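Working notes, beginning with the structure itself.
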C-alpha cells in the first residue's frame with residue numbers, strides 16, 4: 001500500500017505515536033467488524049491485535065499509510081479469512097455464516113485502499129452496536145460487563161482498568177477472560193436484540209456506561225476524587241449509542257446526563273485536587289458547550305417520549321435534575337422545588353433509598369433542614385445504606401443547618417470513617433472539625 005512521503009520519512013518514535021493514536025481510534029471498529037465475521041469476541045480481539053503487530057512491523061520502514069484505519073481493518077480481515085480457512089470446523093462455520101447475509105458481506109475484503117469511502121463498505125455503526133450489546137450481555141456479572149466494555153470499546157488496557165477500580169490486575173484479566181469464555185460457551189448471538197428483548201438488553205448497556213461514568217466522576221476509593229479518563233470513555237460510549245440508537249429516549253437521556261455532569265469537571269476540585277462541592281463551585285469554570293449538548297440531548301429525549309406517548313425514564317429524569325443545576329446562574333437561584341419533584345418522580349419508577357436520600361437533600365434546600373431531616377431519619381435503619389457514607393454526611397449537613405453543631409460533627413466523623421476515598425474522608429473530617437469549632441464558639 002502506498003504511503004505518504006512525509007510519513008515515510010518520519011522518525012520511528014513519531015511513527016509509533018501515530019500507530020498508538022490510530023489504534024486508539026480504530027480499535028473498537030476493527031474488533032466489531034471482525035467479530036461479525038468470526039462470531040467470537042476473543043478471537044476478533046486477537047486478530048485485531050495481529051493487525052496492530054503488522055503495522056508495528058511495516059509502518060516504521062514503509063511509512064504511515066494515507067488511510068491507516070483502512071489498512072488496519074483490511075489487514076485484520078485478511079487475518080480473519082486465513083483463520084477461517086485453517087479452522088477444522090470451517091464447513092460448519094461457513095454454513096452458519098451463509099445463513100447471515102451481513103456476515104457473508106463482511107467476508108468480502110477489498111484490496112488495500114487509500115480512499116476512506118472505500119473502507120466504509122461495511123456497516124460500522126451496526127457492528128459497534130452489536131459489540132456493545134454483546135459486551136454488556138446480562139449473562140455476565142456487572143463487574144465483568146464493565147471490564148469487558150472498557151477493554152473492547154474504551155480501549156483501556158487491563159492495567160488501566162485495574163488501577164481505575166483499585167483491584168489487582170490479574171483479577172481484571174480473569175474477569176475479561178471468563179467473560180469472553182462465558183459468551184462463547186453460551187453461544188450468545190452477535191446481534192442487536194429486537195422486539196421485546198431490546199428493552200432489557202438496552203438497559204444493561206446503559207447501566208454499564210452509567211457505572212463507568214460514576215466511578216470516574218466520584219471514585220469509590222483511592223487518593224483521587226475523580227478519574228477523568230473514565231468519564232471521557234463513558235461519555236464517548238454514550239455519544240456512540242445516541243448515534244446508533246437515535247429513537248430510544250433513554251439513550252439520549254443518559255447522554256444528556258453525562259454531558260451535563262461532565263461540564264462541571266474543571267470546577268469540582270481545587271488546585272490541590274481537593275473536592276469542591278456543588279454549592280461552592282465557580283460556575284464560570286463549567287463547560288458551557290457540554291451543557292448545551294446535554295440540554296439538546298435532553299430535549300431530544302423529551303420529544304421522543306412525547307411522540308411515543310411514554311414517560312421519561314430514570315436517566316432522562318436525572319438529566320432533568322442536572323439541567324436544573326446547569327441552568328441556575330448561582331447556587332441560590334437553583335429551583336430546588338422542581339428538583340425535589342423530579343426526585344419524587346424518579347423514586348416512583350426506580351425505588352431506591354439512595355434516591356430518597358437525594359430527595360431529602362432537595363427537600364431540605366426547598367423547604368428547610370427540618371423537612372429534609374425528617375426524610376433522612378426514615379432511612380437510618382435501611383440495610384442498603386448501612387455502610388453508605390453519604391447518609392451520615394447528609395444528616396450532618398442538615399443538622400449543621402439547624403445549628404445542632406455537636407451532633408453534626410459526630411455525623412461527619414461517622415461518614416469519614418465509612419468513606420473509602422481519601423479525598424472524601426479528608427473533606428468530611430474538615431467539616432466535622434468546623435462543626436466542632438462552631439459548637440465550641442457557641443458555648444463560649
Per the list (1) surrounded by fewer than 17 Cβ atoms within 10 Å (Cβ to Cβ); (2) more than 11 Å from the chain's Cα centre (by Cα); (3) modelled with pLDDT under 90, residue check on residue 236 breaks on (2)
Next on the checklist: Please determine whether any residue of segment 126-140 is without any contact (Cβ under 8 Å) to a residue 12 or more places away in the chain and in the same structural domain as residue 219 (by TED's automatic domain parsing).
Outcome noted: no
Exactly one of 297, 320 is in contact with a helix residue (DSSP H, G or I) (Cβ under 8 Å, 6 or more places away or on another chain), free of Cβ contacts under 8 Å to residues at least 40 places away in the same chain and under 27 Å from residue 206 (Cβ atoms), and that one is 320
The helices (runs of 4 or more DSSP H) lying wholly within segment 245-327 that contain at least 1 residues that are at pLDDT below 95 are 288-308
Scanning segment 236-248 for residues that are in contact (Cβ under 8 Å) with a residue 12 or more places away in the chain and over 20 Å from residue 211 (Cβ atoms) gives 243, 247
Open item on the list: residue 195 - would you say it is closer than 19 Å to residue 29 by Cα and modelled with pLDDT under 90?
Closed with: no
| message | Is it the case, given these coordinates, that residue 415 is more than 27 Å from residue 268 (Cα to Cα) and assigned to a helix (DSSP H, G or I)? | response | no
A careful count of residues in segment 397-427 that are crowded, with 20+ Cβ neighbours inside 10 Å and in contact with a helix residue (DSSP H, G or I) (Cβ under 7 Å, 6 or more places away or on another chain) gives 11
In segment 381-396, residues that are more than 21 Å from residue 425 (Cβ to Cβ), touching a helix residue (DSSP H, G or I) at 6+ places or on another chain (Cβ under 7 Å) and part of a loop (DSSP other than H, G, I, E, B) total 1
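Filter segment 329-339 down to residues that are touching a residue at least 12 places away in the same chain (Cβ under 8 Å) and over 26 Å from the mean Cα position of the chain (by Cα) and give me whichever is nearest to residue 361 (Cα to Cα).
Of segment 329-339, the ones touching a residue at least 12 places away in the same chain (Cβ under 8 Å) are 329-331, 334, 336-339.
From what is left, the residues that are over 26 Å from the mean Cα position of the chain (by Cα) are 329-331, 334, 336-338.
On the way: 329: 20, 330: 17, 331: 14, 334: 13, 336: 9, 337: 11, 338: 13 Å.
The selected residue is 336.
The values are calculated or read from the model by the stated rules, or taken from the named source; none is laboratory data. As the structure is a computational prediction, the values presented were derived from the model and not from experiment. As a convention, Cβ positions derive from the backbone with ideal geometry for all residues, glycine included, and neighbour counts pool all protein chains shown.
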